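*Asks:* Before anything else, here's the structure in question.
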Amino acid sequence: MSRSWWIVLALTACGEPPVAGEPPVGKPPTQEPPANTVGGFAIQIPETQLAPGEEIEPCWIFPLERTGPSHIVGGAVLHTQPGMHHGNITTRPKTGEGIRSCPPGDGDPGTDVISGGNVLFGSSTQISGDEWYRFTDGEGYRVSDSYEIVARMHFLNPSDQAVTVSPSYEWFTIDETRLVHELGAFIWMYQDFEIPPNATTTVTADCSLPGTHPMHVVSLLPHMHKLGTALDATYVGGPFAGEAFLDSPGYDPDNGVLTFYDPPVDLTAATGITFSCTWRNTFDRTIVDGIGDNEMCMVFGYAWPVEKSFTAYAMPDNCLMFATPPPQ
């Protein structure tokens, strides 16, 4: 993944109410379009053939051709085949017309978000088949007709056979009059780590939330590579201090690692968060932060209110948290 990437609803509609005094539990996404869908948009990534072991990072630009009256996305689905490592799908102000390849040095998802764009989709590492985003009824993020879609893909064929990969994405917009919480995207990432040869290593970021922070997390997507064995996150301070709200294998291409929360993870009373990544290095060399055989420690997510969606950049003995710029 890119490094600079960055309740008014009735409980009876969401299943059993939460147990008093217990933190919310994450669950896999519901695999269906959101309620009150009134339109949407879609893209088809061009077909790409990958030789055994081949790894590439192609990029395409698409027009955002929306149907229906709404600009609020309440859900989305990815359809893909083996060979897709992940995709960063964002919006940004238009740079041209039609479907085309990204120009050299086109930037990264973080640049798109800083320019007023939004994150449309992040996927589980090396996922195959379908992966869904489906927010709680009344929740969604905003898109703009004056923006375009940028699809920065990362393809990796770990098999000994050639594969053909051609992912497609579909987004579902919901009735804007039913919007309760507009969502903002964020990323938590840990950098500058080293994993010694043939060792199990855990790194932990200890991050303080800034100022007033009524951040309510509705989804989390861990991102690690094949050496990853665990990615956890816990509350710091508040009524759930020390308790985990994310307990993930970090890497699970068969099932995916995308997690949704209803009710959300409420960080209002917390003073901060920790997130930890654990790897088992099976190589006879040191593994670092990077692509290929190297590793990553990241968590993508959405939260409300949109202006309190906090991103975290961490490294050994340091973590900085700040509000992700809301989309325009």
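*Asks:* What Rg and what Dmax come out for the chain when only alpha-carbon atoms are used, in angstroms?
*Replies:* 19.0, 57
*Asks:* Another question, then. Please report Thr259, Thr200, Thr177 as a ranked list, fewest other C-beta atoms within 10 angstrom at the top and most at the bottom.
*Replies:* With the fewest neighbours first, Thr259, Thr200, Thr177 line up as Thr177, Thr200, Thr259.
*Asks:* Something else: With charges only on Cβ, +1 for K and R and -1 for D and E, what is the dipole size of the range 184-323 about its Cα centre, in debye, rounded to 20? Walk me through the numbers on the way to the answer.
*Replies:* Numbers: 4 positive and 16 negative charges, 26 e Å.
Taking the Cα centre of the range 184-323 as origin, the dipole is about 120 debye.
*Asks:* Can you show me the helix-derived [θ] at 222 nm for the chain, built from DSSP H runs with n ≥ 4 at -39,500 (n - 2.57) apiece and divided by the number of residues, rounded to the nearest 500. Provide the component values of the computation, followed by the final result.
*Replies:* Numbers: 1 runs with 6 residues, N = 328.
One gets -500 deg cm²/dmol as the mean residue ellipticity at 222 nm.
*Asks:* Once you have the Cα-Cα distance between Asn198 and Arg280, take 0.36 nm times their residue separation minus that, and quote the gain in nm to one decimal.
*Replies:* Using 0.36 nm per residue and subtracting the Cα-Cα distance, I get 28.8 nm.
*Asks:* Separate question: Given an 8 Å cut-off on Cα distances and at least 6 residues of separation, report the relative contact order of the range 109-226 as a percent. It would help to have the intermediate numbers written out before the result.
*Replies:* Numbers: 44 pairs, mean separation 46.7, N = 118.
In percent, rounded to a whole number, it is 40.
*Asks:* Additional query: Take the Cα radius of gyration of the range 184-323 and divide it by 2.2 N^0.38 Å, with N its residue count; two decimals is plenty.
*Replies:* Here the Cα radius of gyration is 1.03 times the empirical estimate.
*Asks:* Just order 112-125, 85-98 by mean Cβ neighbour count inside 10 Å, highest at the front, would you? List each step's numbers first, then the result.
*Replies:* Working: 112-125: 23.4, 85-98: 18.5.
Peptide ranking by packing, descending: 112-125, 85-98.
*Asks:* Defining a contact as two alpha carbons under 8 Å apart and six or more residues distant in sequence, what relative contact order in percent does the range 184-323 show? Mind showing how you got there, number by number?
*Replies:* Working: 374 pairs, mean separation 64.0, N = 140.
Relative contact order for the range 184-323 comes out at 46 percent.
*Asks:* Based on a Kirkwood Rh over C-alpha pairs, give the Stokes-Einstein translational diffusion coefficient of the range 193-236 at 20 °C and viscosity 1.002 mPa s in µm²/s.
*Replies:* Calculated translational D: 158 µm²/s.
Throughout, read-outs are computed from the coordinates displayed, never taken from laboratory work. Note that the structure is a prediction, hence the values are computed from the model and not measured. Please note: Cβ atoms are built from the backbone with ideal geometry, for glycine as well, and neighbour counts cover all protein chains shown.
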